[in-house]
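Novice: One structure is given below, represented as structure tokens, and several questions about it will come after.
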Amino acid sequence: MRHFLSTLDWSRPELQELLDTARALRERPIQPLMQNRSVALLFFNPSMRTRTSFTVGAQQLGAMALVLEPGKGAWPIAFDDGVEMLGEEEEHVREVARVLSRYVDLICVRAFPKFKNWDEDRQDRVVQAFAQHATVPVINMETITHPCQELALMMALQDRLGTTDGKKFVL
């Protein structure tokens, strides 16, 4: 089992292999690669493009996508250990991640930082907590980093420029 939380956790050859696979899927997007599988898409923040692309992508690969919005259509989740849940939170990430892992084959999380405390924000506590407690792979759909978007940008650069070896880019 391997999570996709940051491109920094993957080697350059591994990332290139992901890009090559994505390029092949772009040519033939309907594939049974995830037939009879299920994917939980957790959105702690609003989303249109990411929600659409992950939902359609799961369907094109043969999986069923279950969209969950903690605090809206699902209970709010607590993340601090030892916290007394006296507020809105009804469940702890420990239990949520473990239970979801029994029902789905993949958990995808989108949770923006609150932009109030950089030391806290850069810990990426939400996606890290899911990765720690889940027993299935976790994908970061966008938190303090946006690894899927990073791959999309690199694919666009490679499509446009060919090799990117030895080139410097400013985004």
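Okay, residues lined up against (1) among the charged types (D, E, K, R); (2) more than 14 Å from I139 (Cβ to Cβ):
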position: L8; (1), (2): no, yes
position: T50; (1), (2): no, no
position: K72; (1), (2): yes, yes
position: V93; (1), (2): no, yes
position: V104; (1), (2): no, no
position: P113; (1), (2): no, yes
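Novice: What single numbered condition from (1) in contact with a strand residue (DSSP E or B) (Cβ under 9 Å, 6 or more places away or on another chain); (2) in contact (Cβ under 8 Å) with a residue 40 or more places away in the chain; (3) under 29 Å from E17 (Cβ atoms) fails to hold for F79?
Specialist: (3)
Novice: Now a separate question. If you scan segment 19-56, which residues turn out to be out of contact with any strand residue (DSSP E or B) (no Cβ under 7 Å at 6 or more places or on another chain) and buried (at least 18 other Cβ atoms within 10 Å of the Cβ)?
Specialist: The answer is M34, and nothing else.
Novice: Return the pair list, or none, for Cβ contacts closer than 7 Å from residues in segment 102-129 that are within 24 Å of T55 (Cβ to Cβ) and touching a residue at least 40 places away in the same chain (Cβ under 8 Å) to residues that are open to solvent by 90 Å² or more (accessible area, probe 1.4 Å) and part of a loop (DSSP other than H, G, I, E, B), at least 6 apart or on different chains.
Specialist: Matching pairs, first to second residue: D105/R37.
Novice: Then there is this: Starting from segment 22-45, take each residue that is within 20 Å of T135 (Cα to Cα) and list its partners that are outside any strand (DSSP E or B) and among the basic types (K, R), counting only C-beta distances under 9 angstrom and pairs at least six apart or across chains.
Specialist: Cβ pairs passing all conditions: L41/R51; F43/R51; F43/K72.
Novice: Scan segment 130-160 for residues that are outside any loop (DSSP other than H, G, I, E, B), among the aliphatic types (A, V, I, L, M) and touching a strand residue (DSSP E or B) at 6+ places or on another chain (Cβ under 9 Å) and report the count.
Specialist: Within segment 130-160, the first condition is being outside any loop (DSSP other than H, G, I, E, B), and the residues that meet it are 130-133, 138-142, 147-160.
This time we only want the ones that are among the aliphatic types (A, V, I, L, M), so: 131, 138-139, 141, 151-157.
When the remaining residues are screened for being touching a strand residue (DSSP E or B) at 6+ places or on another chain (Cβ under 9 Å), the result is 131, 138-139, 141.
Of the residues in that region, 4 qualify.
The values are calculated or read from the model by the stated rules, or taken from the named source; none is laboratory data. Model, not experiment: these values are computed from the prediction. With ideal geometry, Cβ positions are generated from the backbone for all residues, glycine too; neighbour counts draw on all protein chains shown. Each accessible area value is taken on the protein alone, full model and side chains, heavy atoms only, with ligands, DNA and RNA left out. Shrake-Rupley method; radii C 1.70, N 1.55, O 1.52, S 1.80 Å.
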